[in-house]
Amino acid sequence: MTTDHEDSDGNSSDSSYSKVDFYEVMNEVPENYKSKVDELNKILLSKNPDINRLRDLAISDGGLVISLVRLEAWKLLLNLPSNDEKLYPLEIIKDHPEYHQVDMDVRRCLKRFPPGISYEKIGILQKELIAIILSVIKEYPDLKYYQGYHDVAVTFLIEVGQKEAYSIMKHLSLHHLKEFLKPTMEETSYLLLHVFPLIKKLDPELEEFIEKSGIGTIFALPWLISWFSHSLDLHSKVVRLFDFFLASPKEIILYVIAQLIIARRDEVLSTECDMACVHMVLSKVLNKLHFSCTYLIYTFLYNRFQKA
C-alpha cells in the first residue's frame, strides 16, 4: 500500500507538493532506496568515480532517486567540466529573433512548474528558463529553437537550478538534441522512421497493423523531442526518465517508444484499423502504462532487441 507521498516504486509523488515544500519532497529518500542513495553518494564523493556503476544505478529501478544526487550525477554522466559559465544578460537576449516565441512557450508551460509555489517564484523561474534557452541558442547560432525544447530545459532548471541546467542544455543541444535543433524537422522525422522497424523485430503482426492504419509516426513526435516531458504530468516520473536517457546511448529513446507501443499491443490490435482509431489508442499509451513496469523493461531493453 502506498501513501500520498509515494508511488508504487516508493518514489515521491507530485500529489504531495501542495502540502509540503517541493524540494523537501524531491529529496526524501524512501526506505527501500536508502542503501542505493548511500552507494550513489560514495561514487559522487570518490576521487575516481566509477562511471559505469553510476550508469547502472541511474538505469535501474528508482533511477538516481533524489534531486541532490542528480545535481552531481547528471554532470558526471555527461562528463561536463566544472566551469562557471555565464548566461547572456536579459538586455541582449531580448533582441534575439526567437525571444517572443520562447517567451510565449514559457508562459504557456505553467503546468510544468511545481504546484504549491508562489506566482512570484514561478515568475523568477520563467525568466531563468528564458535565459537558459536563449543563451544556448545565441551561443550556437546554427541551432534553431523548437517547441518542446523548453519542456526539456525546464525539467533541468527545476531539478538542478539555472547554472547547472544551462551547462547541461548546452551539451545536450550539441549531442542528444542536435537533430531536433535543425532549421527543418527532416532529420527528426527520419529518426522516427526507425520506430516501426524496431516494433517489427519483436512483433511483426503489430507493426503490420499499425502501418496498414496509415497513422505514420507523428503521434510520437512530442515524446521524442521533449523526452516525454511534454506528455507526462508528474515531474518525478519525468526526471526518472531523464536519469535513464542520460545514462544511455542517445538512440535509446527510439527503443523506449517502440517498447511502449508494444506493451499496448492487445489494445491496439482490438481497435479498428484506421488512422483515427489507432491514433486514439496510441495517444493514451503514457496515461495507461504503469510506470514502474516500464522501468523494469528499460533495464533489459537493448538485450531484448539485439536478440530479436
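The values are calculated or read from the model by the stated rules, or taken from the named source; none is laboratory data. Nothing here was measured: the structure is a model prediction, and the numbers come from that model. With ideal geometry, Cβ positions are generated from the backbone for all residues, glycine too; neighbour counts draw on all protein chains shown. Protein only, heavy atoms only, side chains kept; ligands, DNA and RNA dropped before computing areas. Shrake-Rupley method; radii C 1.70, N 1.55, O 1.52, S 1.80 Å.
Of note:
- Residue tally, condition of a type outside the set (A, V, I, L, M), in a helix (DSSP H, G or I) and touching a residue at least 60 places away in the same chain (Cβ under 8 Å), over region 134-155: 3
- Some residue of region 123-133 being within 18 Å of V239 (Cβ to Cβ), free of Cβ contacts under 8 Å to residues at least 40 places away in the same chain, in contact with a Ser or Thr (Cβ under 7 Å, 6 or more places away or on another chain) and of a type in the set (D, E, K, R): no
Residue by residue, here is whether (1) among the β-branched types (V, I, T); (2) touching a His at 6+ places or on another chain (Cβ under 9 Å); (3) part of a helix (DSSP H, G or I) holds:
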{"position": "M104", "(1), (2), (3)": "no, no, yes"}
{"position": "P115", "(1), (2), (3)": "no, no, no"}
{"position": "I124", "(1), (2), (3)": "yes, no, yes"}
{"position": "K127", "(1), (2), (3)": "no, no, yes"}
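- If you go through region 246-290 and keep only what is under 18 Å from the mean Cα position of the chain (by Cα), open to solvent by 70 Å² or more (accessible area, probe 1.4 Å) and modelled with pLDDT of 90 or more, you end up with K250, E251.
- Test: residue in region 181-192 that is open to solvent by 20 Å² or more (accessible area, probe 1.4 Å), assigned to a loop (DSSP other than H, G, I, E, B) and among the β-branched types (V, I, T): yes
- Qualifying positions in region 186-243 - aromatic (F, W, Y) and closer than 16 Å to A263 by Cβ: F196, F209, F219, W223, F228
- Scan of region 119-177 for residues that are hydroxyl-bearing (S, T, Y) and open to solvent by 20 Å² or more (accessible area, probe 1.4 Å), ordered by number: Y119, Y140
- Condition check for S231 on (1) of a type in the set (G, A, S); (2) open to solvent by less than 20 Å² (accessible area, probe 1.4 Å); (3) modelled with pLDDT under 90: one failure, at (2).
- Any hit, region 39-54, residues being in contact with a His (Cβ under 9 Å, 6 or more places away or on another chain), modelled with pLDDT of 95 or more and either part of a loop (DSSP other than H, G, I, E, B) or open to solvent by less than 10 Å² (accessible area, probe 1.4 Å) (or both): no
- Output for region 18-35, where each listed residue is modelled with pLDDT of 90 or more and within 22 Å of the chain's Cα centre (by Cα): Y33
- Restricting L80, L68 to those that are assigned to a helix (DSSP H, G or I), in contact (Cβ under 8 Å) with a residue 24 or more places away in the chain and surrounded by fewer than 20 Cβ atoms within 10 Å (Cβ to Cβ) reduces the list to L68.
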